[in-house]
Amino acid sequence: MLALLKQKSYRDRTLQTLFVGGLAVMLVIFVMTARTNLEAQGMTSGFDFLERATGWGVSFSLIDFSTSDSYLKVIWVGLLNSLFLGVISMSFATIIGIAIGIMRVSGNKMAELIGTIYVEVFRNLPLLLQAFFWYAILTTLPKPRDAYDIGGIAFLSGRGVYLPGLNVSGLSVFLSAIGLVIAFAVWLNLTTSRRFAKMMPKEKTARARSIWLAWGFAACVVMAMGRIPDTPLLNLPYLKGLNFREGIRVSPELLTCIVAISIYGGAYIGEIVRAGFNAVSNGQKEAGFALGLTPWQIFTRIRLPLAIRAVMPMLINQYVWLFKATTIGIAVGFVDFFMVISTSINQSGQTLELIAILMGGFLCINYTMAFALNRVNDAIKLKGTQARG
Amino acid sequence: MTNSQSAVRISDMDKYYGTFHALKGINLDIAKGEKIVICGPSGSGKSTLIRCINRLEEHQVGSINVLGTELDDNLDNIDEIRRETGMVFQHFNLFPHMTVLENCILAPMLVRKQERHLAERDAMELLTKVKIPEQAEKYPGQLSGGQQQRVAIARALCMKPAIMLFDEPTSALDPEMISEVLDVMVGLAHEGMTMICVTHEMGFARQVADRVIFMDGGEVIEQAPPDQFFDNPQHERTQAFLGQILGH
């Protein structure tokens, strides 16, 4: 018996079994206690409430929603809003971050100073404070009648920003966006997968071109089918009476969230990008110069691709973090996932179930995002060992 | 007056790092087709010297003329000189995110505006010459040090340079890989390439060099054909240096 305990494989398996068994017992005890307590207070548990009508509306939704729709649908609305906000603000944060990162390693003293000030200001102030700040600014913009006019097609006012849009259904825009993601995935597979390594570069280029052409064509067809009848294709906002008509209205709440998260995330991503550039050894740059490449060619072909690869794991971490930051919507009244759940808890009283849905939702989204980005990382990461400079 | 037979002509050149005087009054005339080996103790300025020839380092005083082009502040001149000189580094400096073939065709396509299929054909020819055509689709990280350095030589040759600069090409290699790189360099020398090599491979110097240059403390101390340099060094610092590296 004692001899058996000294066997590593036996001991490892025993410890694993005890650990998993202990966890299972604890879980069962938790569930039983919770159920007993809830019954004692006369509260019903379960997910039946999801079928009930909410009786309250939402101020922003990507899909049709009325007060007679169910809780399930309102949660779906919140989830879509959060995804919508996340995709837009993370894209802007990336663009800002890359620009700031480049400024900080540019060698131009003025650009470096601006980049440093940007990072130090926006990284060190709490996100919530920044959200309040932008909200205060955006809601004190002039009334629609005195709105700032940007070339006659877009308007800035205290009731929101009005942008030109296309008279097509939301579904067709959504499908086109999904198509773009698929096209990107296929293109990435084509350019990095081992399976296509032997393919002639000419054919590879031709295939890549046909992928993008196919997407462009499909997107045009989908948009054409989604045309709203009897309207011009371009949908321009115009002032009528006291407010704007037509166009796309971006509410101050949504815009606050986008601006705050983009600027805050941009500061963090800027630091990550800077670290990436610093991680690229000087040798690669010198080799580029020795071959006669221009600074711009060295930057786009060598330094940027290597910097992105060096910091990809950190960037994934940052994107997961930024998606969680979309919950500041509740602070300014943007109907995000968190706010929908919070209102539902007040209205229905089903706290535990709704919190579980909230946690499950974030877990799913962030896990899926990290999984997808990790695949991208695997596809582009440097092959072989990189022991030598 | 530039001698039309000169590949590189350096006159009264000084180089400072801040207040540190790294190169002092360098005068050097290298003919086309000549093979030069530069040696000297660590910190003697030999790497700095060849890095000045293609402006990886900037000199402060004197002039450098490469194939009739004056190396000055004019960016066109710098580009012209970099197109005509290939360089091989101690740590290879390959681009790790590109395959061996992509490493080789990048500069010909971007700088010489060569078409891809022509650049690839030339690159495969040169990879065959350095004896690794079968590695063309691999990434640098998947090759041994010796293979990587041979790729680096092929990459530099793809630009069809008139002058090749070697900055300690074998110093970072394991001993058994040194000869495969030196073989390629010897082959290149026999084809008549103008070569300037910073190296401590004295066997290589004896075999191919037309002239060996000894540097110490940022100055050229002695230069002579290899037989004379190794068998009858004139300067006592040269004698001390040779005694150290050949003495065991």
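Data for the structure
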read-out	value
Pair list, Cβ under 7 Å, 6 or more apart: the stretch A:368-381 residue under 11 Å from residue A:316 (Cα atoms), other residue open to solvent by 60 Å² or more (accessible area, probe 1.4 Å)	A:377/A:313
Residue B:213 being open to solvent by 30 Å² or more (accessible area, probe 1.4 Å), more than 25 Å from residue B:145 (Cα to Cα) and part of a strand (DSSP E or B)	no
Of the criteria (1) open to solvent by less than 40 Å² (accessible area, probe 1.4 Å); (2) modelled with pLDDT of 90 or more; (3) away from every other protein chain (no Cβ under 14 Å), which one residue A:314 fails	(1)
Residue B:44 being under 26 Å from residue B:207 (Cβ atoms) and of a type in the set (Ser, Thr, Tyr)	yes
Any hit, the stretch B:169-188, residues being under 15 Å from the mean Cα position of the chain (by Cα), within 13 Å of another protein chain (Cβ to nearest Cβ) and open to solvent by 50 Å² or more (accessible area, probe 1.4 Å)	yes
Near pairs, Cβ below 6 angstrom, 6+ apart or cross-chain, from the stretch A:200-226 (in contact (Cβ under 8 Å) with a residue 12 or more places away in the chain and more than 30 Å from residue B:99 (Cα to Cα)) to any residue that is open to solvent by 50 Å² or more (accessible area, probe 1.4 Å) and assigned to a helix (DSSP H, G or I)	A:222/A:175
Residues satisfying the stated conditions in the stretch B:205-228, i.e. among the basic types (Lys, Arg) and either touching a Ser or Thr at 6+ places or on another chain (Cβ under 8 Å) or over 15 Å from residue B:194 (Cα atoms) (or both)	B:206
Looking only at the stretch A:238-279, and only at residues there that are among the aromatic types (Phe, Trp, Tyr) and open to solvent by less than 60 Å² (accessible area, probe 1.4 Å), the one that is modelled with the highest pLDDT	A:264
The one condition in (1) open to solvent by less than 10 Å² (accessible area, probe 1.4 Å); (2) away from chain A (no Cβ under 13 Å) that residue B:73 fails to fulfil	(1)
Those residues of the stretch B:124-152 which are away from chain A (no Cβ under 12 Å) and open to solvent by less than 70 Å² (accessible area, probe 1.4 Å), in sequence order	B:124, B:126, B:127, B:130, B:132, B:133, B:150
Hits in the stretch B:35-58 (condition: within 19 Å of residue B:83 (Cα to Cα) and crowded, with 20+ Cβ neighbours inside 10 Å)	B:49, B:50, B:51, B:52, B:53, B:54, B:55, B:56
Any helices (runs of 4 or more DSSP H) falling wholly within the stretch B:1-110 and containing at least 3 residues that are touching a Phe, Trp or Tyr at 6+ places or on another chain (Cβ under 8 Å)	B:100-110
Residue match in the stretch A:200-214 (condition: in a loop (DSSP other than H, G, I, E, B), farther than 25 Å from residue A:91 by Cβ, more than 14 Å from every other protein chain (Cβ to nearest Cβ) and at pLDDT below 85)	no
Which listed residue, of A:34, A:99, is under 30 Å from residue A:272 (Cα atoms) and surrounded by 10 or more Cβ atoms within 10 Å (Cβ to Cβ)	A:99
Number of the exception - residue A:251 against (1) touching a residue at least 40 places away in the same chain (Cβ under 8 Å); (2) polar (S, T, N, Q); (3) over 22 Å from residue A:145 (Cα atoms)	(3)
Sole exception among (1) charged (D, E, K, R); (2) touching a His at 6+ places or on another chain (Cβ under 7 Å); (3) assigned to a helix (DSSP H, G or I) for residue B:222, by number	(3)
Top-ranked residue in the stretch A:162-180 [being in a helix (DSSP H, G or I) and small (Gly, Ala, Ser); ranked as modelled with the lowest pLDDT]	A:170
Residue within the stretch A:359-366 that is away from every other protein chain (no Cβ under 14 Å) and of a type in the set (Val, Ile, Thr) present	yes
Failed item in (1) surrounded by 15 or more Cβ atoms within 10 Å (Cβ to Cβ); (2) within 14 Å of another protein chain (Cβ to nearest Cβ), with residue A:282 passing the rest	(1)
Check on residue A:331, among the hydrophobic types (A, V, I, L, M, F, W, C) and either over 16 Å from residue A:80 (Cα atoms) or within 14 Å of another protein chain (Cβ to nearest Cβ) (or both)	yes
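The values are calculated or read from the model by the stated rules, or taken from the named source; none is laboratory data. Quick caveat: nothing in here was measured; it's all calculated off a predicted structure. Note that we place each Cβ from the backbone using ideal geometry, even for glycine, and neighbour counts take in every protein chain shown. Protein only, heavy atoms only, side chains kept; ligands, DNA and RNA dropped before computing areas. Shrake-Rupley method; radii C 1.70, N 1.55, O 1.52, S 1.80 Å.
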